[in-house]
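Enquirer: What follows is a single structure, and I will ask about it in a moment.
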Amino acid sequence: MIFNTAKVMSKGQITLPIDIRRNMGLKTGDRVALIYDNNRLILMNPAVYAMETLQKEMEGEWEKAGIHSEDDINELLKEIRDEVENR
């Protein structure tokens, strides 16, 4: 964990400390997601945030669709490919 502080400027801007930018792999022009929850501010890579959100929303959907193993996934892919080829 990295702890650091940043000063809020007159227009609400802050400068992210270099150690945080380096650890997050941020460079000039990159976008970040800011999530405010329960009196905490979380700074994330937007793609990671989107993936985590999708994973939460999709939780349990595999089971509902009857997919319980890699073999089930492969069978579903085969069916979809066959369907596409026969159009």
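Enquirer: May I ask you to verify whether residue 82 is among the charged types (D, E, K, R), under 25 Å from residue 2 (Cβ atoms), out of contact with any strand residue (DSSP E or B) (no Cβ under 7 Å at 6 or more places or on another chain) and in a helix (DSSP H, G or I)?
Expert: no
Enquirer: Turning to a different aspect of this structure: Residue 17 fails exactly one of the following numbered conditions: (1) touching a helix residue (DSSP H, G or I) at 6+ places or on another chain (Cβ under 9 Å); (2) surrounded by 10 or more Cβ atoms within 10 Å (Cβ to Cβ). What is the number of that condition?
Expert: (1)
Enquirer: From the list 4, 23, exactly one residue is without any contact (Cβ under 8 Å) to a residue 24 or more places away in the chain, part of a loop (DSSP other than H, G, I, E, B) and either within 24 Å of the chain's Cα centre (by Cα) or surrounded by fewer than 10 Cβ atoms within 10 Å (Cβ to Cβ) (or both). Which is it?
Expert: Values: 23 fails: part of a loop (DSSP other than H, G, I, E, B).
Exactly one of 4, 23 is without any contact (Cβ under 8 Å) to a residue 24 or more places away in the chain, part of a loop (DSSP other than H, G, I, E, B) and either within 24 Å of the chain's Cα centre (by Cα) or surrounded by fewer than 10 Cβ atoms within 10 Å (Cβ to Cβ) (or both), namely 4.
Here, each number is a calculation from the coordinates, and none is a lab measurement. From a predicted model like this one, the values you see are computed outputs, not experimental measurements. All Cβ positions, even for glycine, are placed from backbone atoms using ideal geometry, and neighbour counts span all protein chains on display.
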